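Participant: Below you'll find the structure I mean.
The values are calculated or read from the model by the stated rules, or taken from the named source; none is laboratory data. Everything quoted here is computed from the prediction, not taken from an experiment. Positions of Cβ are backbone-derived with ideal geometry, glycine not excepted, and every protein chain shown enters the neighbour counts.
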């Protein structure tokens, strides 16, 4: 539903701060633990949740998210179960937007129409599908928009002014600006450069612009949040999960609290972003 | 009377979006999209540029040694007692396989685009060697991603790549085979878009690669047409080639697609049999899905997760297939059949002893199919098989399987 997403950004704008967008991998390291992680995210300060759909061949992801997907698949995670995580989350939380993020093939095999119907029923607000550029909009983007599910597009440093209108054309919810050319989990680029890029995109759209790739600490979140409408953190959270596991990949008592602590710290960074910018 | 264009041509694809029917397309991350569009523009210009074509042809002749011979395998024909068997000797090319045909074309494009770094994926190492070779020839640094399993079983090619100055990066993800190498090459490309050219080794990946690689490899089929007319005064009755990603096969098949009298068979890796998981027969046992930039037949589970597959041959050890083959299968123009590991191994020995040619394990699969079909055909019928690679790289693998000490 697009309404939930739009309301969240409107509320944040009124509050005068950027959104904290948190990514975690559905089913990592198992269904129950990842559901507990998701349920803990809003109170720890997450404004929007990206729910990762594991895929065997994540071509745009670095080692941390690759391994998280492998752990999830090994634990028996499927797209049906990832949707179920969202449904269970929605039983207690009607306000936090959920964006499912992953690759196209599992959705294609599930069946596009069936997937969109089930996603709506489970309270999904948007989709990010890495390997569906605007040239492939007929596949999933247009059907999703018809059902009032946001299709959130990635814009990258290679998306120049000539291409931006095409990328933005069917984008809704927000624009996810990938702060560098590369895979997830790389180093953080210069916040000033990122700020310039955000301004460039804002010249082409009224949609909120969230920035991801490379944000790992509260300090990063604050720096990026000074110019962006939202800060996306993924790899740092996935790494936090990984570091809490036993040698054979099982969750421990530290898994969920570790993520909560990290997200609280990131949230503090985001909440102080505009204060710093105003100074 | 003017000939009207054939509305039902099998050679018309892909369309401008890179589609062969439902197959093909451009399923890539946004970071790569502008680059793929640039490549498409450059390729569109180059393919009609006489200077580009002349340079490629010069290299094909003087560097690769084209045209490769069309060889009548007299002893094998007599032994099998049926159709006349010809081999297209692309294993005699410089670097030992058909892969060089594609690499020369692509490196000329890379130069035109001002790229200064080459990356490639490789399975058997034949494409890696060909990439390293053209990179050396044109003075560009080259990084080759290769699955760790393949690094081990194709050691001679790893050494050749290193001698040629390429950096070989072993990939340990998954089973450490071609699929994993391709994932890692895509990750490199997305990180180094500005200066890097990704030299894809097969007729797969996002548009325009399937079309472009096919065009560079079609030199095989075009030569066969001419050579066959010179040798026999007519077209062959049957074409056979091995399909991994399918570049040598599409190169042989494409110029004959509209000749209905020519039967065409692609041979997949049946591994240890299609009943289990240990094979790479994506066309025979897979289903359409999206991976590595294109929609095509894939080995996958019910959740859309890609399976690993298995083949004795590193070059066929890939759970997908070029999109044009998927389309040709559904259109019914080409028949695709599996050949098991042990059948390929028998064919390997058969050709070695009978004709004094050591084939790679990839074309050994095609050969095994020829051995099944030739005896059932008439003596005045003609088979052309693409002998797309030589077997030097496989002698250690084969020696081990046959229990021979080396």
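Participant: Kindly check whether there is at least one residue in region B:26-38 that is more than 30 Å from residue A:213 (Cβ to Cβ), at pLDDT 95 or above, touching a helix residue (DSSP H, G or I) at 6+ places or on another chain (Cβ under 6 Å) and buried (at least 19 other Cβ atoms within 10 Å of the Cβ).
Facilitator: no
Participant: Just name the residue that is farthest from the other protein chains (Cβ to nearest Cβ) out of those in region B:58-69 that are farther than 24 Å from residue B:328 by Cβ and surrounded by 13 or more Cβ atoms within 10 Å (Cβ to Cβ).
Facilitator: That would be B:69.
Participant: Looking at (1) free of Cβ contacts under 8 Å to residues at least 40 places away in the same chain; (2) more than 22 Å from the chain's Cα centre (by Cα); (3) outside any helix (DSSP H, G or I), which is the one condition that is false for residue B:12?
Facilitator: Single failed check for residue B:12: (2).
Participant: Hey, among A:246, A:261, A:205, A:252, which residue is part of a helix (DSSP H, G or I) and at pLDDT 95 or above?
Facilitator: Among A:246, A:261, A:205, A:252, only A:261 is part of a helix (DSSP H, G or I) and at pLDDT 95 or above.
Participant: Considering only residues that are within 11 Å of chain A (Cβ to nearest Cβ) and part of a loop (DSSP other than H, G, I, E, B), look in region B:176-194 and name the one that is surrounded by the fewest Cβ atoms within 10 Å (Cβ to Cβ).
Facilitator: B:194
Participant: Applying the selection to region A:180-213, what residues are within 12 Å of chain B (Cβ to nearest Cβ), buried (at least 22 other Cβ atoms within 10 Å of the Cβ) and under 14 Å from the mean Cα position of the chain (by Cα)?
Facilitator: Once the filter is applied, which keeps residues that are within 12 Å of chain B (Cβ to nearest Cβ), buried (at least 22 other Cβ atoms within 10 Å of the Cβ) and under 14 Å from the mean Cα position of the chain (by Cα), region A:180-213 yields A:184, A:213.
Participant: Still on this structure: Taking region B:22-33 as the search range and keeping residues that are more than 9 Å from every other protein chain (Cβ to nearest Cβ) and under 21 Å from the mean Cα position of the chain (by Cα), which one is farthest from residue B:327 (Cα to Cα)? Outline the logic, then answer.
Facilitator: We begin by selecting, within region B:22-33, every residue more than 9 Å from every other protein chain (Cβ to nearest Cβ); these are B:22-24.
Adding the requirement that they be under 21 Å from the mean Cα position of the chain (by Cα) leaves B:23-24.
Values: B:23: 6, B:24: 9 Å.
For region B:22-33, the residue satisfying everything is B:24.
Participant: Could I ask something else about it? Every residue in region B:257-283 that is more than 17 Å from residue B:369 (Cα to Cα) and crowded, with 24+ Cβ neighbours inside 10 Å, please. I'd like the intermediate steps shown before the answer.
Facilitator: First pass over region B:257-283, keeping only residues more than 17 Å from residue B:369 (Cα to Cα): B:257-261, B:275-278, B:282.
B:282 - this is the single residue of region B:257-283 that is more than 17 Å from residue B:369 (Cα to Cα) and crowded, with 24+ Cβ neighbours inside 10 Å.
Participant: On the basis of being at negative phi and in contact with a helix residue (DSSP H, G or I) (Cβ under 9 Å, 6 or more places away or on another chain), does residue A:238 make the cut?
Facilitator: Values: at negative phi: yes; in contact with a helix residue (DSSP H, G or I) (Cβ under 9 Å, 6 or more places away or on another chain): yes.
Spelling it out, residue A:238 is indeed at negative phi and in contact with a helix residue (DSSP H, G or I) (Cβ under 9 Å, 6 or more places away or on another chain).
Participant: Next question, about the same structure. With respect to residue A:98, is the statement that it is in contact (Cβ under 8 Å) with a residue 12 or more places away in the chain, more than 9 Å from chain B (Cβ to nearest Cβ) and more than 21 Å from residue B:179 (Cβ to Cβ) true?
Facilitator: Considered against the rule, which asks whether it is in contact (Cβ under 8 Å) with a residue 12 or more places away in the chain, more than 9 Å from chain B (Cβ to nearest Cβ) and more than 21 Å from residue B:179 (Cβ to Cβ), residue A:98 comes out as yes.
Participant: Within region A:105-127, can you find the residues that are touching a strand residue (DSSP E or B) at 6+ places or on another chain (Cβ under 7 Å), surrounded by fewer than 23 Cβ atoms within 10 Å (Cβ to Cβ) and within 14 Å of chain B (Cβ to nearest Cβ)?
Facilitator: Scanning region A:105-127 gives A:108, A:109.
Participant: Which of the residues that make up region A:159-173 are touching a residue at least 12 places away in the same chain (Cβ under 8 Å), surrounded by 17 or more Cβ atoms within 10 Å (Cβ to Cβ) and not in a helix (DSSP H, G or I)?
Facilitator: If the condition is that a residue be touching a residue at least 12 places away in the same chain (Cβ under 8 Å), surrounded by 17 or more Cβ atoms within 10 Å (Cβ to Cβ) and not in a helix (DSSP H, G or I), then A:171, A:172, A:173 are the ones that fit.
Participant: Does residue B:315 count as within 14 Å of another protein chain (Cβ to nearest Cβ) and either over 16 Å from the mean Cα position of the chain (by Cα) or surrounded by 19 or more Cβ atoms within 10 Å (Cβ to Cβ) (or both)?
Facilitator: No.
Participant: Follow-up. Looking for something over 17 Å from residue B:245 (Cα atoms) and touching a residue at least 60 places away in the same chain (Cβ under 8 Å) - is there at least one such residue anywhere in region B:161-171?
Facilitator: No, region B:161-171 contains no residue that is over 17 Å from residue B:245 (Cα atoms) and touching a residue at least 60 places away in the same chain (Cβ under 8 Å).
Participant: Residue B:107 - would you say it is crowded, with 16+ Cβ neighbours inside 10 Å and either out of contact with any helix residue (DSSP H, G or I) (no Cβ under 9 Å at 6 or more places or on another chain) or closer than 27 Å to residue B:333 by Cα (or both)?
Facilitator: no
Participant: Considering region B:279-308 alone, what residues qualify as being more than 12 Å from chain A (Cβ to nearest Cβ) and either assigned to a loop (DSSP other than H, G, I, E, B) or over 23 Å from residue B:186 (Cα atoms) (or both)?
Facilitator: Hits for region B:279-308 are B:279, B:280, B:281, B:283, B:284, B:285.
Participant: Which condition does residue B:206 not pass, out of (1) part of a helix (DSSP H, G or I); (2) within 11 Å of another protein chain (Cβ to nearest Cβ); (3) modelled with pLDDT of 95 or more, if it passes all the others?
Facilitator: It is condition (1) that residue B:206 fails.
Participant: Could you check residue A:15 against (1) more than 14 Å from chain B (Cβ to nearest Cβ); (2) at pLDDT below 95; (3) in contact with a strand residue (DSSP E or B) (Cβ under 9 Å, 6 or more places away or on another chain) and say which number it fails?
Facilitator: If we test residue A:15 against (1) more than 14 Å from chain B (Cβ to nearest Cβ); (2) at pLDDT below 95; (3) in contact with a strand residue (DSSP E or B) (Cβ under 9 Å, 6 or more places away or on another chain), just (3) comes out false.
Participant: Right, here's the next one. Cβ-Cβ under 7 Å, sequence separation 6+ or interchain: first residue in region A:177-198 and within 12 Å of residue A:232 (Cα to Cα), partner modelled with pLDDT of 85 or more and surrounded by fewer than 17 Cβ atoms within 10 Å (Cβ to Cβ). Which pairs?
Facilitator: A:185/A:63
Participant: List, please: which pairs have Cβ atoms under 6 Å, are six or more places apart or on different chains, and start with a residue in region A:70-88 that is at the interface with chain B (Cβ under 10 Å from one of its Cβ atoms) and end with one that is at pLDDT 95 or above and not in a loop (DSSP other than H, G, I, E, B)?
Facilitator: A:79/A:106; A:79/A:110; A:81/A:31
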